[in-house]
Amino acid sequence: MDYLQISNLPIIWFLCSFTVIIAALQAVLFIRAANKATKECQIDPEIPKKAFRVGLVTAIGPALGVFIVMVGLMSAIGGPMSWLRLSIIGAAPTELAAATNGATAAGVTLGGEGYTLQIMAVSWFAMALNGAGWLLLTGVATPSLEKLRDKLSGGDTHWLGVMSAACSIGVFGYLNVNSIISKGFLNGGPVINMGNLVAVVSGALCMMALGRWVVPKHPKLAEYSLGIAMLFGIACALILA
Amino acid sequence: MENNNYMSTWKKSCIRIGSPTNILAAFTAFIPVLYLCNKFDCWPETSLILSAWALTAIAFGAFYIVEPIAYYASLGMAGTYLSFLSGNIGNMRMPCASLALDVTESEPGTIQAEVVSTMAICGSIITNLIATTAAAFVGTAIVAILPQAINDGLKLYASAAIFGATFGNYALKKPKIAVFGALIPIVCKLIGTLPAWLTIVLSVFGTVLIARLMFNAEQKKKA
């Protein structure tokens with residue numbers, strides 16, 4: 001058997017399922033906790049339902065992206081490992097980088113000549129070790145992050161709202177620009193990814209237009225606005241770039 | 001309302017659920033590779049594993065610390081556990097949580113906001129698990145019959161489009177902060193040689209700092 005056949009054995013699927021099940025189980029436990037909080041604090045039961053629906057629906061677009069990327073990843077690291085890795089922390093490029101580093105450390109290329117079972121094991125270790133970084137840090141240090149947020153907000157709820165928004169704006173500003181500008185002046189650039197530029201700008205403009213003119217008249221559409229804006233951004237990128 | 005009293009109960013139950021599951025998943029993720037090495041007697045040399053780990057940690061190590069801190073104010077406690085176990089934070093968890101907070105008009109820092117972002121993130125996790133599980137079983141067959149354009153569009157542009165749309169949503173509500181939120185990373189990336197983690201730190205905390213200055217100025221005007 002070659003390494004890819006072994007990586008697709010039924011037993012590997014089974015062993016990978018433990019971690020996927022933990023991710024699902026955690027979500028179920030948090031749903032239960034949220035339902036309990038809804039009851040105890042007399043929150044309108046429609047509100048969490050609506051929120052759940054927003055998550056379920058808004059994630060469809062990006063999840064389809066994950067779906068297609070995963071099919072590509074399966075040919076590189078096998079089905080079960082792709083399933084495990086893309087069900088938890090670490091997006092496809094991160095996992096590919098870790099798997100490739102496993103091959104690089106052994107002086108071969110991922111899936112290329114000399115990529116033996118032993119080297120595949122190095123790739124698998126590298127992915128698991130990398131994911132463990134985020135999991136252990138948040139598993140252990142999240143209560144300290146809460147304290148940090150409390151300190152930064154100083155108990156002022158008005159400022160806390162502004163701060164949360166500013167954090168998100170900073171995060172998404174970074175994510176957007178990072179997907180557009182791939183090289184800057186000091187490393188031989190600037191190199192602009194035109195497709196992503198079109199997707200970002202048209203997605204943003206569509207969302208702003210929906211928020212300003214459409215959603216106030218049709219409030220039901222609010223739940224689907226991100227999904228609509230995303231599809232619009234993808235379509236524009238395909239047509240214009 | 002008794003909501004504020006419930007907040008500490010809520011946080012305790014978040015830690016009780018989130019901490020063991022995240023730590024456990026870090027370990028169960030090793031089960032397949034341990035089986036592989038054991039069953040096929042293909043244990044690699046430890047030095048190989050360490051050097052592969054080192055290569056990976058150079059690229060991502062700073063993110064282990066920077067990302068949880070930078071995303072915490074938006075994700076909250078339950079959201080942090082959920083998002084850092086299930087991943088896809090920028091392209092799924094945060095957009096879903098922020099839209100849900102918006103649609104339900106929930107104020108940050110309240111128990112309702114915690115419940116709403118938790119439920120939205122859980123909903124998105126269910127969708128994601130369905131997608132990855134479907135991909136595992138029927139993915140290859142489906143991708144083969146999809147038109148190339150749909151394939152490319154979703155693969156290449158889905159993330160950028162939802163990043164842009166989420167930013168647009170904030171830009172509508174906080175246009176002044178959004179200008180700086182875009183300018184800081186543009187400057188960092190145009191320079192080109194700053195490490196990614198530093199660009200995230202400057203983008204997030206720079207934007208928060210500017211928001212604070214604007215907030216202070218507004219408070220002064222009011223007073």
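Since every read-out is calculated from the coordinates, none of them should be taken as a lab result. Please read all numbers here as calculations on a predicted model, not as lab measurements. Cβ atoms come from the backbone with ideal geometry, glycine included; neighbour counts cover every protein chain shown.
Mean Kyte-Doolittle hydropathy of 1.6 or higher plus an axial Cα length of 30 Å or more: which whole DSSP H helices in chain B meet both?
Flagged H segments are B:111-145.
Go ahead and set up a Gaussian network model of chain B, Cα springs under 10 Å, then flag whichever of B:V138, B:V208, B:V187 fluctuates most.
B:V138
Just want the ordering: A:C167, B:C96, from fewest to most Cβ atoms lying within 10 Å of their own Cβ.
In order of increasing Cβ crowding within 10 Å: A:C167, B:C96.
Which residue, A:L73, A:L152, A:L186, tops the fluctuation ranking in a GNM of chain A built on C-alpha contacts under 10 Å?
Looking only at A:L73, A:L152, A:L186, the largest GNM fluctuation is found for A:L186.
Taking chain B as a Gaussian network, Cα atoms linked when under 10 Å apart, which of B:G181, B:G164, B:G79 shows the biggest mean-square fluctuation?
Highest fluctuation among the options: B:G164.
Hey, can you grab everything whose amide H is under 5 Å from the amide H of A:K183? Only 5+ residues off in sequence or another chain; H modelled, so Pro and N-termini drop out.
A:V191
Calculate the length of the line joining the C-alpha centroid of the stretch A:19-76 to that of the stretch B:47-69, in whole Å.
Cα centroid to Cα centroid, the span is 28 Å.
What number, rounded to the nearest 500 deg cm²/dmol, is the helix-based mean residue ellipticity at 222 nm of chain B, given -39500 (n - 2.57) per DSSP H run of at least four residues and division by all its residues?
-29000 deg cm²/dmol
By how many degrees, between 0 and 90 and to the nearest 10, does the Cα long axis of helix A:60-77 differ from the longest principal axis of chain A?
10 degrees
Once you have a ≥ b ≥ c as the square roots of the Cα gyration tensor eigenvalues for the stretch B:3-173, tell me rounded if a/c is under 1.5, and otherwise prolate or oblate according to whether a/b is larger than b/c.
In terms of gyration-tensor shape, oblate.
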